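Following: one structure in structure tokens, then a few remarks.
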Amino acid sequence: MRRREFLSWSASGVGGLLIYSTDLKAFVSLAQHGAQAYRLRFFTDEEARIVGAATARIFPTDEAGPGAKEADVVTYIDRQLAGPYGYDCRRYTEPPFEDGPPEFGYQGKESPREIYRDGLKQLAGLDQMSPNDQDAALKKIENTIFFTMLRKHTIEGMFCDPMHGGNRNLVGWQLIGFPGPHMSYYSDIDTHYGVAFRPKPITLQQMSGLKPNPMEDGKCAKMHRAEGNK
Amino acid sequence: MKTLPAVDVAIIGGGWVGLLMAKELGQRTSLSVVVLERGGVRTPDEYLIDMDEVDYAVHRRMMQDFAKEPFTIRHSAKDRAYPLRQLGNFLPGDGLGGSGEHWSGLTKRFLPHTFEIYSKYIERYGAKKLPEDHSLQDWGITYRELESFYTRAEELIGVSGEAGNIQGKLNENGNVFEGPRSTQFPTPANKVNYFASLFRDATKAMGYHPYANPSALISTPYTNPDHVTRPACTYCGFCTGYGCMIGAKAQPTNLLLPVIQKHKNVSIRTGAWVRRISHDGESNGRVRGVTYVDASGEEVFQPAQLVFLASFILNNPRLLLLSGIGEPYDPNTGKGTVGRNFTHQVLAHNLVTVFLDKPLNRFMSNGAGGISIDDFDADNLDHTNLDFMGGFILRANNDTGLPISSFGVLPASIKSRWGAEWKKAGIEHYDQTTTVAFIGEHLAYKGNYLDLDPTYKDANGDPVLRMTIDWRDNEREMVKFATAKALDVVHQMGITNFTPYQGLHRYEGTRYQSTQIRGGTIMGTTPETSVVNTYLQHWQFSNLFILGGSTMPHGASIGPTLTMLSQTLRTADAVVGRYLKHPGPLV
């Protein structure tokens, strides 16, 4: 896979100011602190632009607040697809594959990487369309596995711990008043009945003082096999 | 294959019941004991960095790797089975401590009716009232016989709660429906969140009997009889599905492991995936030991005088079937016992989703905490004029509101699933939405059972376990009735915006329900209808004991952990007190 620079962002976490170019050719950040490059691990430039456009319609930026763009959902998804999840490391992938009743879950052979690669072909040129046309194009694929995944991953990228690449600057958590991980609410759980209690959001690393090891940075045998096949 | 020097005791599985047995034998005997755990080591320290919804709730980092070993599922013996290719309706834990590391900590005793369900039903309603294809039976022990072991298990954990019945003396602040207890709970009840407090007030006003859920997430610091000290729960909200960062939640690794490690006669081998229990046939009446694959892939035979099968509920019957121990259950003839009486719970999640107009601060929560009512559980309500048997509990949990799983639960008036309208509504409702929850008793049926799958194999090439299970009209009627009762409570709370559960259809393998599945190697009073006697000793192989939820003949509404621990203590007493002196059948 080609790896190239696509996004750059503030490495300092909370506080970076983000501005996006209107043509969506690339997301540009004006970081208040040092900028750090992110090299795409799975998507091509074009795919990343399409995912950026699609997720920005799923979770738009509007008067209700920031959306997928500010949270950097594209980076979140790219990292997931490049890691064990993308390769189905923890899914049973032995044959025979046969369609079953929906109650027993997805029975397909295709991994999330393959579902994305195929699905994105159906959205070719999405990043060049008007918002209305983008919505119409997404409506057409609304009932596909690919769209279900894309929607689910958009929510994950909005509200994950920033160590996974999304929820940048904690925009997602601030939007809904979720404070992230905290050590204790012992004296708060029963003292704010019916009244909003909103501690300042912090990340897992800030809370624990430890370096987390997100699963997407791991490896499994299926990934080694796939790399060997190239 | 490598053969190791013989040990006195081999324990298969390092979860709750395996490690409890290891601890008891370590403390009370000088036997050489080896615990074979197929997963890796877990230490309490790693739980400080597990407060992450993506890796632990979405990707289920602590759970069994289904890529290596899935289960297959079908609705009836006529259907073909499909693999559950990813974790869904239940979540077996992986590694030392097993599912006891990520459990919610709900630590309630079963109601006395549970153990004598069949005879009590016959006595009150007659045989005709039971569903046609049920396979209910009494458990062979009574609540009274188990009471002292319940007390010991509660003291081990330091269970938080308020007694509703101490030796027949009722207390309206506790659960007045519980069986008589010899003592108060070791620690006071958990605090509850706002919504649970509303539920308590409403149910009380309606004449029901709300109580705080007994919880293993202890409310105050506690030192147990083994001198293990744990701190109080801080309601951090990362509970069910996570290990506890401070050890307030009782887990095998913080409660049992520190004691086991003091006893040199007990060793724990991780990365040891047991494939067979070895024996020379039933006529011999004894098993010889176990065969496992170690972390390097080598086959190892571990001879043992005494074997405890204590793996995850579903792996207990599977290992018996793979080892040719006992007769597989045949649903057509009713013969055979291994795999019989497979049950889950009914539904075990939201029954009415409610949309309030006030913030709930849902991020402050813990797994087990909250308020429940037992007014409909077991046989506390008269079933004479009802279309179902079995009881249920209504609850308001100390609900966790982690954002990825909670965002986007919206009133029916919002039709969109993405875009601006959906986003706006999602933000608005995020912290104002919760549920009245439900857990129902799952009766045993002739057609719900476990056997080996003819097609799909695990990473070792062994057949995986096949589950044959579906709901009956009995459960569908139960859910319908319970929904109406839950709506009454919702109205009492003055909530006008809500979505009732749409009704129970087919058994689902995709949506998380609970990990409290049971059966497959059930206990009982005769070898014709059970795999183990009431001491959990195998009927034919007297040096094989089977511990855990697989021995439960049906699915009581509440989670099985405390009862599993109590039964394990009862077995430990019988083994240490009687079996070791005179090895052979205890019954």
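Which one of these is surrounded by 22 or more Cβ atoms within 10 Å (Cβ to Cβ) and within 14 Å of chain A (Cβ to nearest Cβ): B:Gly509, B:Gly524? Of the residues listed, the single one that is surrounded by 22 or more Cβ atoms within 10 Å (Cβ to Cβ) and within 14 Å of chain A (Cβ to nearest Cβ) is B:Gly509. Restricting attention to segment B:283-322 and to residues that are in a strand (DSSP E or B) and aliphatic (A, V, I, L, M), the residue that is surrounded by the most Cβ atoms within 10 Å (Cβ to Cβ) turns out to be B:Leu309. Show me the helices (runs of 4 or more DSSP H) found entirely inside segment B:178-282 where at least 1 residues are basic (Lys, Arg). Hits in segment B:178-282: B:194-205.
State yes or no: is B:Ala248 surrounded by fewer than 22 Cβ atoms within 10 Å (Cβ to Cβ), among the hydrophobic types (A, V, I, L, M, F, W, C) and without any contact (Cβ under 8 Å) to a residue 40 or more places away in the chain? Against the criterion (surrounded by fewer than 22 Cβ atoms within 10 Å (Cβ to Cβ), among the hydrophobic types (A, V, I, L, M, F, W, C) and without any contact (Cβ under 8 Å) to a residue 40 or more places away in the chain), B:Ala248 does not qualify. Scanning segment A:91-123 for residues that are free of Cβ contacts under 8 Å to residues at least 24 places away in the same chain and either polar (S, T, N, Q) or facing another protein chain (nearest Cβ under 8 Å) (or both) yields a total of 12.
Of the strands (runs of 3 or more DSSP E) contained entirely in segment B:412-483, those carrying at least 1 residues that are within 12 Å of chain A (Cβ to nearest Cβ) and under 25 Å from B:Thr499 (Cβ atoms) fall at B:433-440. Scanning segment B:379-397 for residues that are free of Cβ contacts under 8 Å to residues at least 12 places away in the same chain and of a type outside the set (D, E, K, R) yields a count of 2. If you check B:Asp382 against the conditions, is it surrounded by fewer than 17 Cβ atoms within 10 Å (Cβ to Cβ) and among the acidic types (Asp, Glu)? Against the criterion (surrounded by fewer than 17 Cβ atoms within 10 Å (Cβ to Cβ) and among the acidic types (Asp, Glu)), B:Asp382 qualifies. Here is the figure for segment B:93-110: residues that are of a type in the set (Phe, Trp, Tyr) and in contact with a helix residue (DSSP H, G or I) (Cβ under 6 Å, 6 or more places away or on another chain) total 1. For segment B:30-45, taking the residues that are surrounded by fewer than 15 Cβ atoms within 10 Å (Cβ to Cβ) and within 19 Å of B:His102 (Cβ to Cβ), the one that is modelled with the lowest pLDDT is identified as B:Asp45. The residues listed here are B:Gly520, B:Gly524, B:Gly509; of these, the one that is within 20 Å of the chain's Cα centre (by Cα) and at pLDDT below 95 is B:Gly509.
Taking (1) away from every other protein chain (no Cβ under 12 Å); (2) at positive phi; (3) surrounded by 24 or more Cβ atoms within 10 Å (Cβ to Cβ) in turn, A:Gly165 satisfies each apart from (1).
When we screen A:Leu170, A:Leu175 for residues that are in contact with a strand residue (DSSP E or B) (Cβ under 6 Å, 6 or more places away or on another chain) and in a helix (DSSP H, G or I), the only hit is A:Leu175. Does segment A:64-75 contain at least one residue that is at the interface with another protein chain (Cβ under 10 Å from one of its Cβ atoms) and of a type in the set (S, T, N, Q)? No, segment A:64-75 contains no residue that is at the interface with another protein chain (Cβ under 10 Å from one of its Cβ atoms) and of a type in the set (S, T, N, Q).
Residues that are more than 7 Å from every other protein chain (Cβ to nearest Cβ), within 17 Å of the chain's Cα centre (by Cα), on the phi < 0 side of the Ramachandran plot and surrounded by 15 or more Cβ atoms within 10 Å (Cβ to Cβ): does segment A:175-187 have at least one? Checked segment A:175-187: no residue is more than 7 Å from every other protein chain (Cβ to nearest Cβ), within 17 Å of the chain's Cα centre (by Cα), on the phi < 0 side of the Ramachandran plot and surrounded by 15 or more Cβ atoms within 10 Å (Cβ to Cβ). Within segment B:65-87, residues that are within 7 Å of another protein chain (Cβ to nearest Cβ) reach partners that are among the basic types (Lys, Arg) and not in a loop (DSSP other than H, G, I, E, B) with beta carbons closer than 9 Å, at six or more positions or on different chains, in the pairs B:Ala67/A:Lys222; B:Ile73/B:Arg466; B:Tyr82/B:Arg74. Of the residues A:Thr154, A:Thr144, the single one that is in contact with a Phe, Trp or Tyr (Cβ under 9 Å, 6 or more places away or on another chain), within 23 Å of A:Ile58 (Cα to Cα) and of a type in the set (Ser, Thr, Tyr) is A:Thr154.
In the set B:Val17, B:Val41, only one residue is more than 14 Å from chain A (Cβ to nearest Cβ), of a type in the set (A, V, I, L, M) and touching a Gly at 6+ places or on another chain (Cβ under 6 Å); that residue is B:Val17. Of all residues in segment B:391-411, those satisfying the criterion of being on the phi < 0 side of the Ramachandran plot, in a loop (DSSP other than H, G, I, E, B) and not hydroxyl-bearing (Ser, Thr, Tyr) are B:Gly391, B:Asn398, B:Asp399, B:Gly401, B:Leu402, B:Phe407, B:Val409, B:Leu410, B:Pro411.
Filter segment A:118-142 down to residues that are in a helix (DSSP H, G or I), exposed (fewer than 14 other Cβ atoms within 10 Å of the Cβ) and of a type in the set (Gly, Ala, Ser), then give me how many there are. Total satisfying the criteria: 1. The set of residues from segment B:328-367 being more than 14 Å from chain A (Cβ to nearest Cβ) and either among the aromatic types (Phe, Trp, Tyr) or closer than 24 Å to B:Ile218 by Cβ (or both) comprises B:Tyr329, B:Phe342, B:Ala348, B:Phe355. Kindly indicate whether B:Thr107 is polar (S, T, N, Q) and more than 14 Å from every other protein chain (Cβ to nearest Cβ). In short, yes.
The values are calculated or read from the model by the stated rules, or taken from the named source; none is laboratory data. Model, not experiment: these values are computed from the prediction. Backbone-built Cβ (ideal geometry, glycine too); neighbour counts: all protein chains shown.
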